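A short write-up of the structure that comes next.
The values are calculated or read from the model by the stated rules, or taken from the named source; none is laboratory data. What you are looking at is a predicted structure, and each value in this text was computed from that prediction instead of being measured. Using ideal geometry, Cβ is built from the backbone for each residue, glycine included, and neighbour counts are taken over all protein chains shown. Protein only, heavy atoms only, side chains kept; ligands, DNA and RNA dropped before computing areas. Shrake-Rupley method; radii C 1.70, N 1.55, O 1.52, S 1.80 Å.
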Amino acid sequence: MMNSEGGSSGLAKSAAVKLSEMGERTKQFGTAMKTPHQQRRIILVIVCVALLLDNMLYMVIVPIIPDYLADLESEQAEHVHVVIHPNSSINSTNQAKSNKDNLDVQIGVLFASKAILQLLVNPLSGTFIDRVGYDIPLLIGLTIMFLSTCIFAFAENYATLFVARSLQGLGSAFADTSGIAMIADKYTEESERSTALGIALAFISFGSLVAPPFGGILYEFAGKRVPFIVLALICLVDGIVFLVVIKPFSNRTRENMPVGTPIYRLMADPYIVVVAGALTVCNIPLAFLEPTIANYMERTMHSTKWEMGLTWLPAFFPHVLGVYLTVKLAAKHPELQWFYGALGMVIIGASSCTVPACKTFGQLIAPLCGICFGIALVDTALLPTLAFLVDVRHVSVYGSVYAIADISYSVAYAMGPIVAGQIVHNLGFVQLNLGMGLVNVLYAPALLLLRNVCQMKPSHSERENLLDEAPQGLYDTIRMEERRGKNKKGYSSSAGNCMLPVDENGGVEPPFKAQRSLSEESSGAECT
């Protein structure tokens, strides 16, 4: 009896010690999460998972929906009473051809609906993000994506699938834009920002390229619902982690922050227009080949289903390689970001032109890898450039500028499923690829306009010309001082390496007073 009591007492003590250790670790974790460095990392993970989910949901339907809609079509046909006539064989052939054309149109519209709605919502979501911050829009996006994924799982007709796909576009307009903008906002150093955005692009690539085999395998062995339920659960976990760690509703950091530059004024900036155009053009080959490459492979190579399903998977590795190389090169030679983008567009153009020459599955892998490698160079070089342009020419609030980037992607992916099939039907697959390749090569020289971007510095005259209110022009400087905590007596260093007066308490002087002081001490506020 005594031994049993002693044993129980020992177990109780052991449990108490373990609980105490767990409590201590939880407290340490909570303290660590309060540090800016750890918060940036956890935010990067949350955003990357959100981007992964969005792109997996975008591409997971590729092997599922055509087959699923064909089954629905055949089930409906079985319930239709057909009157047999002497020419019934001709009628049945014509009916089958009509049904196939109708199904192709339905699939094209369903695939494009996400990008079309995203294209329409992005101007509004970008402005909304600039006004309320990045946290709440990201939570809204995750919530809508969770709902759309659940609807996909349990949808049993075309109309419900269309609603789910359109809802995904609405969620993406908030989640993608706010996520990328949040990364740009948290990582203010150019080298760190390029690395963080490169990691995000790697997750986007992984989601897009691994989703078709993931969806195809689960659909084949577990049914339509399972792939979407898995993605919905991951989305739910990501949202819960975001709520617990970031606490978006208790965040009041936006209360004293100015409103960013309106999206229509950013669209009038010639540098931003050049970057946005490059993002659209470089993604056209990928967007146009995704809905057409399977038919080409089946017709010319007699490829099997698994070969068509795995077409894009090998391209993930050169895409990651392209991201890695661009990040490393940008860290050493940031002034050549425009060149990396132009080189990527030339590679995309050359690879696109060689696609029709491929006659086997093995040969086709090489140009597809070249296209994805080139896209990685362009995206990784130009996405950080957008944030830099906003820093030096506008107000350092990134919602609207990354809404423009999202619009650029959406234009390509909205046209792809609808326009690509018509071009192949009317002109041919060879002409489609030659046209896409030529457009990329011809657009590459336009990036020469960005060659002096990295030498740009904020100046008072430039900001007064670009902003309605002069005080907003000092926003990036004030915020950089708050983040770095490098308030120096008399002067403080800004994001553009300009010296701005600070008062005796270490705070930045009022904007108009600062401008008067600078104009008196050194005309033009020279930057080192």
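The residues in the range 294-326 that are under 20 Å from Ala202 (Cα atoms) and not in a helix (DSSP H, G or I) can be counted, and the count is 3. On the given criteria, is Ser148 farther than 30 Å from Ala330 by Cα, in a helix (DSSP H, G or I), touching a residue at least 24 places away in the same chain (Cβ under 8 Å) and in contact with a Leu (Cβ under 6 Å, 6 or more places away or on another chain)? The answer is yes for Ser148. For the range 451-467, indicate whether the set of residues that are open to solvent by less than 30 Å² (accessible area, probe 1.4 Å) and at pLDDT 85 or above is non-empty. No, the conditions are met nowhere in the range 451-467. Considering the range 123-153, the residues that are of a type in the set (D, E, K, R) and open to solvent by 10 Å² or more (accessible area, probe 1.4 Å) include one that is farthest from Arg40 (Cα to Cα), namely Arg131. Checking the stated criteria, Ile183 turns out to be in a helix (DSSP H, G or I) and buried (at least 24 other Cβ atoms within 10 Å of the Cβ).
Looking across Val226, Val210, one residue alone is more than 20 Å from Phe316 (Cα to Cα), open to solvent by 10 Å² or more (accessible area, probe 1.4 Å) and touching a helix residue (DSSP H, G or I) at 6+ places or on another chain (Cβ under 9 Å). It is Val226.
Residues that are open to solvent by 40 Å² or more (accessible area, probe 1.4 Å) and within 15 Å of the chain's Cα centre (by Cα) were ranked within the range 403-427; the one that is nearest to Leu119 (Cα to Cα) is Val411.
Yes/no matrix, rows are residues, columns are (1) modelled with pLDDT of 90 or more; (2) open to solvent by less than 40 Å² (accessible area, probe 1.4 Å); (3) of a type outside the set (Lys, Arg); (4) touching an Asp or Glu at 6+ places or on another chain (Cβ under 8 Å):
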residue: Gly239; (1), (2), (3), (4): yes, yes, yes, no
residue: Lys247; (1), (2), (3), (4): no, no, no, no
residue: Arg252; (1), (2), (3), (4): no, no, no, no
residue: Glu255; (1), (2), (3), (4): no, no, yes, no
residue: Leu266; (1), (2), (3), (4): yes, yes, yes, no
residue: Ala278; (1), (2), (3), (4): yes, yes, yes, no
residue: Ile284; (1), (2), (3), (4): yes, yes, yes, no
residue: Leu289; (1), (2), (3), (4): no, yes, yes, no
residue: Trp306; (1), (2), (3), (4): no, no, yes, no
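Being surrounded by 24 or more Cβ atoms within 10 Å (Cβ to Cβ) and either touching a residue at least 40 places away in the same chain (Cβ under 8 Å) or at negative phi (or both) narrows it down to one of Gly344, Gly370, Gly362, so name that one.
Working: Gly370 fails: surrounded by 24 or more Cβ atoms within 10 Å (Cβ to Cβ); Gly362 fails: surrounded by 24 or more Cβ atoms within 10 Å (Cβ to Cβ).
Just a single option satisfies the conditions, and that option is Gly344.
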